[in-house]
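Structure first, then comments.
Every read-out reported here was derived from the displayed coordinates using simple, explicitly stated rules and does not represent laboratory data. Note that the structure is predicted; figures quoted are calculated from it, not measured. Neighbour counts are summed over all protein chains in view; Cβ atoms, including those assigned to glycine, are modelled from backbone coordinates with ideal geometry.
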Amino acid sequence: MWRQIRTQGLAFNYDLRIHPGEGLLYFGLTKSTLVAAAYREAMQIVQHYLAGEEEWEEELIEAAHCSLLFELLEKEKCTSDVALWSLLTYHRGIDTSYTRKLLEKVAAVTLPDVIRVGKQYLSALFDPAASKLAICCHPSKVEETVNAFKECVTLLPHWPTSPFFDITDDRT
């Protein structure tokens, strides 16, 4: 996805993150001058993989393993982080070996696991009936952005910016 979105200049960054406590999966694009094109490209990439039109690469799965393992270990890089985590796990009633077990589970994920879970959760990510889409942009770009999104999203309501937050407002 990085090659198709970042190197084409569609968005400076994108991320896919989960919030288990909320039961939600988030896809975000940041610093994008062509946000509709970046969204459309991401949607097509996901749809092609889920439909089997693109082959999942084992090397990319391994890179994702490494990235996630690093992110998990980074949370315990210094003594104060470990002490805070220890305190939080105690108060939340979490097993003290939680991180170790999570690292083992992440390392054990296989390509068939990724494909199965991808079909289960990613399929709804770009489905307007199953997901929500929120866009924040400069007030002068709202109409242009809404029109650009009409090509890939069937229903995109928008709400005007409150004058209280309107940065183009000349009132002092």
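Structural remarks
- In degrees, nearest ten, helix 79-92 long axis to first principal axis of the chain (Cα): 90
- Full extension of the segment from residue 62 to residue 106, taken as 0.36 nm per residue of separation minus the current Cα-Cα distance, would add 14.8 nm.
- With the highest mean first, a sort of the peptides 24-35, 86-97 on other beta-carbon atoms found within 10 angstrom per residue produces 24-35, 86-97.
- Axis angle, to the nearest 10 degrees, between helix 58-74 and the longest C-alpha principal axis of the chain: 80 degrees.
- Reach of residue 105 by Cα under 24 Å, taken over lysines that are not fewer than 8 positions away in the same chain: 75, 77, 119
- Helix axis angle, 111-121 relative to the chain longest principal axis, alpha carbon, degrees: 50
- Estimated [θ] at 222 nm from DSSP helical runs (n ≥ 4, -39500 (n - 2.57)) normalised by residues in the chain, nearest 500: -14000 deg cm²/dmol
- Residue order for 43, 1, fewest other beta carbons within 10 angstrom first, comes to 1, 43.
- Think of the chain as having a plus end and a minus end, set by charges on the Cβ of Lys, Arg, Asp and Glu; of 87, 4, 44, 87 sits farthest toward the positive end of this dipole.
- The candidate values were (1) -0.36, -0.76; (2) -0.35, -0.67; (3) -0.24, -0.54; the one computed from these coordinates for log10 I(q)/I(0) by the Debye sum over Cα atoms at q = 0.08, 0.12 Å⁻¹ carries the label (1).
- Lysines with Cα under 16 Å of residue 150, excluding same-chain neighbours fewer than 8 positions away: 132, 141
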